[in-house]
Amino acid sequence: MYRAHLLAELSVRPMLADGAMGTQLMARGLPSGTCCEQWNLDHSSEVESIHREFADAGCDLITTNTFCGSTVGLSRHGLEECMREINQRAARLARRAAGEGAWVAGNIGPTGDAISPFGQITARELSNIFFKQASALQSGGVDAFAIETMSDPEEMAIAIKAAHRIQGVPIIATYAFGKSGGNFVTLTGATVSEAIDRAVQAGADVVGANCGTLLSIEDYLRLAEELVDAAGETPVIVQPNAGSPVVRNGKTHYAATPNDLAALVTRLLDAGVQIVGGCCGTTPAHLQAMSLAMGEYAKARKD
Ligand SMILES: [Zn+2]
C-alpha cells in the first residue's frame with residue numbers, strides 16, 4: 001500500500017493520532033521513576049504491542065516512545081550515550097507496528113531546562129540537542145516530528161527550527177495549556193495566540209495542544225476554537241487527556257470514558273480541528289471509540 005505524504009493526506013481528510021504512551025507502559029509494569037525510553041531497547045516487544053494496539057484501534061498517526069529521549073532527558077538516567085540508538089530503535093518499533101497504513105510521528109518533548117539567562121542551557125546548545133534527536137528519529141524512519149507538551153514558545157521555536165534542518169519531514173507542534181483567570185495559557189504564561197504565532201513563524205506545519213491538566217472536556221472545546229482562530233491557514237491538532245486527573249489512594253485516575261471522548265471528537269471536527277488524538281489517560285479503547293466517531297462524521301458529511 002502506498003502511504004501518501006502526511007500533509008497531502010491531511011489536506012483531504014481529518015486524521016486520528018494515538019493516545020497515551022506513559023499510561024500504557026505503566027499498565028505493563030514500568031516502575032514509576034524509571035526511564036520510559038529505555039524500554040525501547042530492553043522491553044521492545046511491550047512498546048511495539050502498545051503501538052500495535054493503537055494502530056489496530058484505527059489511529060492514523062503512531063507516536064514514538066521518545067518524549068524524554070533527548071540527551072538532556074536521557075542524562076537524568078545516565079543514558080545520554082544511547083540517545084541515537086534509543087531514538088532510532090523507537091522509530092523502527094513504531095514503524096513496524098504502523099505498517100503501511102499509518103504514519104509515524106517522532107516524539108520530541110521539552111528538555112525541562114530553562115534557557116539562559118534564566119537557566120543553564122544556551123539557545124545554541126538547545127538547538128543542537130533537538131537536532132540530534134530529530135536526526136536519530138529520522139534515521140529510524142519517522143514520517144513527521146511531534147514536538148509536544150511545550151510551555152515556552154522560545155523553546156518551541158528552537159525545537160521547530162532545529163527539526164526543520166531535516167528536509168521533507170513535517171512538524172507537528174503542540175503546547176500544554178492550562179487555565180489562568182479564565183484564559184488559556186502555557187506554564188510560562190504565553191497566551192494561545194502568542195504561543196501559536198511563534199510556532200507558525202518558526203515553521204510548524206501543524207499546531208495545537210496536547211495534555212493540559214485541569215482542563216475539562218468543555219475547556220478543550222473552547223481551547224480548540226481559540227487554536228483554530230490563532231492558527232489561520234495552518235492545520236490544528238488537539239490531543240486531550242481523558243478528562244482532568246483525580247488522585248485516589250495514591251493512584252491517578254482519568255474520568256472521561258471512551259464515549260465522552262468520542263462525543264468530543266465530533267465537536268472538535270466541527271470546530272475546524274484536523275487531527276484529534278489523546279494524551280494522558282487515553283487508552284486504545286478511547287481511541288477506538290474516537291475512530292468510530294470520526295468514521296461516522298465522515299459518512300454523515302458524505303450523505
Ligand atoms: Zn498528557
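The values are calculated or read from the model by the stated rules, or taken from the named source; none is laboratory data. Here the structure is a predicted model, which is why all the values come from computation and not from measurement. Heads up, the Cβs are rebuilt from the backbone with ideal geometry, glycines too, and the neighbour counts pull from every protein chain shown.
Looking only at segment 195-215, residues that are over 19 Å from F67 (Cβ atoms) and surrounded by fewer than 16 Cβ atoms within 10 Å (Cβ to Cβ) come to 3 in all. If you check T174, T188 for being within 16 Å of the ligand (Cβ to nearest atom) and touching a helix residue (DSSP H, G or I) at 6+ places or on another chain (Cβ under 9 Å), only one passes: T174.
Checked against (1) within 16 Å of the ligand (Cβ to nearest atom); (2) touching a Pro at 6+ places or on another chain (Cβ under 7 Å); (3) within 26 Å of D197 (Cβ to Cβ), N241 passes all but condition (2). Checking each residue in segment 157-183 for being closer than 17 Å to D229 by Cα and surrounded by fewer than 22 Cβ atoms within 10 Å (Cβ to Cβ) picks out only N183. Screening A57 against (1) touching a helix residue (DSSP H, G or I) at 6+ places or on another chain (Cβ under 6 Å); (2) closer than 28 Å to D152 by Cα leaves a single unmet condition, (2). Being in a loop (DSSP other than H, G, I, E, B) and under 19 Å from A162 (Cβ atoms) is the filter here, so list the residues in segment 202-215 that pass it. Residues satisfying the conditions are G203, A204, D205.
When the test is whether a residue is more than 16 Å from the ligand (Cβ to nearest atom) and either modelled with pLDDT of 95 or more or in a helix (DSSP H, G or I) (or both), D197 passes it.
Here's the yes/no breakdown for (1) of a type in the set (A, V, I, L, M); (2) closer than 22 Å to G109 by Cβ:
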site: V185; (1), (2): yes, yes
site: R198; (1), (2): no, yes
site: K251; (1), (2): no, no
site: S291; (1), (2): no, no
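Residues in segment 254-274 that are free of Cβ contacts under 8 Å to residues at least 24 places away in the same chain and within 15 Å of the ligand (Cβ to nearest atom): A255 only. Residues in segment 201-234 that are within 16 Å of the ligand (Cβ to nearest atom), closer than 12 Å to T174 by Cα and not small (G, A, S): 2 in all. Here E148 passes the criteria (1) touching a residue at least 40 places away in the same chain (Cβ under 8 Å); (2) within 14 Å of the ligand (Cβ to nearest atom); (3) not in a strand (DSSP E or B) except the one numbered (3). Scanning segment 1-51 for residues that are in contact with a Cys (Cβ under 7 Å, 6 or more places away or on another chain) and of a type in the set (D, E) gives D18, E37.
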